[in-house]
């Protein structure tokens, strides 16, 4: 992991809570990283689709979490959502470990 991202994450999680402004900082970091990648690989193709899917996934995740919070979704829903999130992060890390290094 890049040092600047490590530093940003340490700053964000230093008080054991994440604020909306810290999420915005992390999103801006992602957007810069995405632009750098697309400048290297081009603005079309599978890499561009991957970046767009990350953007959409994060938007949908925020909306689902906000809906669950507003509607006070039941514990079963929240547990199932947490399982989906955790397993997707684990799958992405495993793909990175197998194919990225």
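The values are calculated or read from the model by the stated rules, or taken from the named source; none is laboratory data. It should be emphasised that the depicted structure is a prediction, and the values quoted were computed from it without experimental measurement. Note that we place each Cβ from the backbone using ideal geometry, even for glycine, and neighbour counts take in every protein chain shown.
Miscellaneous remarks
- Filter pass, residue 91 being closer than 24 Å to residue 20 by Cα, without any contact (Cβ under 8 Å) to a residue 40 or more places away in the chain and surrounded by 10 or more Cβ atoms within 10 Å (Cβ to Cβ): no
- Annotation: residue 65 fulfils all but one of (1) surrounded by 12 or more Cβ atoms within 10 Å (Cβ to Cβ); (2) more than 27 Å from residue 4 (Cβ to Cβ); (3) within 18 Å of the chain's Cα centre (by Cα); the unmet one is (2).
- Some residue of the range 74-85 being under 13 Å from the mean Cα position of the chain (by Cα), exposed (fewer than 14 other Cβ atoms within 10 Å of the Cβ) and in the same structural domain as residue 101 (by TED's automatic domain parsing): yes
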